[in-house]
Amino acid sequence: MDPFRLGPGMGDAPTGTAVDESAVRWSALPGERSYELRAGDDRIGELRWATRFGSLAEGDFGDRHLSLKRSGFLAPQVVIRDRASGAEVARLHAHTTHSRLEIVGGGVYELRRAGLLVPAWKLTTVDRAPVLNLEPVEERGRLEGGLVVVEPPYRSAPELPVLLAASWYFIVLAWFEEVAVLAGDAVLRAASDP
């Protein structure tokens, strides 16, 4: 399998096909919580959950094969491992206002919402240099995908598959939890109305 990279000649498209290297998009696949990552017409990655309600997911990005698993309640974390070796490659520490993503032997990043009422997310370095901008797309209450803008210095970064996988994984889980909370609130309101 080809190594992961943004640019022409990836995935399903013929070699030499031009793609926009600055923007990629996540799109929902049929079924529950499965998404593919595309650059133009090129399929360059996939993230899928093992079960509908579980937190175990697998990601494939060229020759990078990852597993992602959330654990913890009061201090949730997402551990990202290489599926072949089982070695931890990154860890995302979830916080109420922002989350910290630490790449083993690499950089440290912050994932946070772009604003209080804005559904978009930003991944930055700890010095606030932009890395990824992620804008989820919702249709009838379902997360259908999202647009991802990759900043130029990170388009060929070896950690890009991990950054894309960890950020989208976290956004999908956060979306699912927010929808569950809103549904629970609606049920409680309906039950308390005379």
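Here, each number is a calculation from the coordinates, and none is a lab measurement. The shown structure was predicted, so the numbers you read here are calculated from the model rather than taken from an experiment. Positions of Cβ are backbone-derived with ideal geometry, glycine not excepted, and every protein chain shown enters the neighbour counts.
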Note to self: C-alpha centroids of the stretch 45-82 and the stretch 86-106 sit apart, in Å, by 12 Å
FRET efficiency (ARG100, ARG43; Cβ distance; R0 30 Å; to 0.05) is 0.50
